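Take a look at the structure below.
The values are calculated or read from the model by the stated rules, or taken from the named source; none is laboratory data. Keep in mind it's a predicted model, so treat the numbers as computed, not measured. We place every Cβ from the backbone using ideal geometry, glycine too, and count neighbours over all the protein chains shown.
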Amino acid sequence: MSLSFHFAARSDVGLVRQDNQDSGYAGPHLLVVADGMGGHAGGDIASATAITELVSIDHDSLTADEASTQLQRAIRTANEEIARIYAEDTALEGMGTTVTAIMRARNKLILAHIGDSRAYVLRDGRLSQITRDHSFVQSLIDEGRITEDEASTHPQRSVVTRVLTGAPDDEPDIGAREARRGDRYLLCSDGLSGFVAADTIEEILGAPSPPGRAAEDLISLAMRAGAPDNVTVVIGDVVESSTAPSTQPQVVGSAALRSPVRRVDDSPASRAAALTQQEEDEGVELAEEGRRGVGGRWLRGIGGLVIALLLVGAVVYGGYAWTQQQYFLGVDDDRVAVYQGVPSDLGPITLHSKVRQTDIGLDQLPPFYREEVITTISVDSREAAQERVRSLRSAAEKCTDLRAAGEPCSR
């Protein structure tokens, strides 16, 4: 029986960050999450570098030993590339990335892991974590100094002990599992696992919904929980290849914003990378057939002008129509408001309109949420805007409770 992944990848910048340092990839034989670190200048580059190296090995012609070797080699190459990038720009000091990857090789799954991103499996309705965090709090748990519950609120829970930084000894843990039809695998950054409880994740993954819907539901839950970090979710259901839907590989997060630099071929990975590139419009040239006189040139010139005007009009209309499908959160009368459109104008044309003013005052919000709203929060749909409003209201209520208790509200 030939197996494959029915897959989906989703990523969100989160409620506080202005850039996405996470990257993710989902394909028929490979799932990857990479959580970058090192600030805006480095984390996004590191995670995208890891994805760029790994997507090239998404194919189904490998044995388990070959897949293990290729997975380790791709991660090692990514680590060397991170070292090269830092050597060329020392302003990127401190850049690095976690990597958690699952590669299918016939009836085996090869797991590679370094950092505190996580991999879970849902089998027979029960969720199990199959990676061990390389973090400071995990070492405290292993030593019996704190409990799992205490780790979730520990002030140093974000301190990782092993990631890809370009150092020669940055090596992932490698393991193998039996691929079983019906299993559902989840790879995620700590933007999800750090804010959504495992039993809630189990409930969402256990629902009879396709991977894409499950991934979106998990990200919505992280937003509702007030997750300030980037959130990336990759889900792969183990299915028979003959029943797997025909789906293009998906690249999300920082890697989706960067043009691939590797060789181009016709593998699933290269097709996925192609999805992230903006195609340049090709000029249309009308070839002349034989000689034409002045009148013909004049008519051709008028025709060209008309076509140009029509094209400009179509582009302007299309652009305006696109803006009206966008939403963002901003400020109106010192309160959070939801707008349709984009937060800018085109000359005398206003490209947005207010669709709802909430009762959430700016002074009720923690400082970082307040700054996010002032600079505007872009979302993909009206439903996503409503979800953000609920998250902001929850943050405002928590802040109000803290102030009532005489405590500062700084987060």
Check your understanding: Being of a type in the set (Gly, Ala, Ser) and either outside the structural domain of residue 25 (by TED's automatic domain parsing) or more than 30 Å from residue 87 (Cα to Cα) (or both), is that true of even one residue in region 168-177?
Key -> yes
Review point. From the list 74, 46, which one is assigned by TED's automatic domain parsing to the domain that holds residue 34 and under 23 Å from residue 177 (Cα atoms)?
Key: 74
Practice item. Considering only residues that are buried (at least 19 other Cβ atoms within 10 Å of the Cβ) and under 9 Å from residue 364 (Cα atoms), look in region 381-405 and name the one that is modelled with the highest pLDDT. Key: 396
**Study point:** Every residue from region 59-105 that is of a type in the set (D, E, K, R) and surrounded by fewer than 24 Cβ atoms within 10 Å (Cβ to Cβ)
**Key:** 60, 65, 66, 73, 76, 80, 81, 84, 88, 89, 93
Exercise for review: Would you list the helices (runs of 4 or more DSSP H) that sit entirely within region 30-146 and hold 3 or more residues that are touching a residue at least 40 places away in the same chain (Cβ under 8 Å)?
Suggested key: 43-54, 64-88
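On the basis of being closer than 18 Å to residue 229 by Cβ, assigned to a loop (DSSP other than H, G, I, E, B), in the same structural domain as residue 171 (by TED's automatic domain parsing) and small (Gly, Ala, Ser), does residue 14 make the cut?
Numbers: closer than 18 Å to residue 229 by Cβ: yes; assigned to a loop (DSSP other than H, G, I, E, B): yes; in the same structural domain as residue 171 (by TED's automatic domain parsing): yes; small (Gly, Ala, Ser): yes.
It is true that residue 14 is closer than 18 Å to residue 229 by Cβ, assigned to a loop (DSSP other than H, G, I, E, B), in the same structural domain as residue 171 (by TED's automatic domain parsing) and small (Gly, Ala, Ser).
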Point to revise | residue 191 vs. criteria buried (at least 21 other Cβ atoms within 10 Å of the Cβ) and in contact with a strand residue (DSSP E or B) (Cβ under 6 Å, 6 or more places away or on another chain) | key: yes
Point to revise | Subset of region 215-271 that is acidic (Asp, Glu) and at pLDDT below 90 - its residue that is nearest to residue 12 (Cα to Cα) | key: 229
**Study point:** Selected residue (only one of 190, 183, 169 is in contact (Cβ under 8 Å) with a residue 60 or more places away in the chain and either at positive phi or over 19 Å from the mean Cα position of the chain (by Cα) (or both))
**Key:** 183
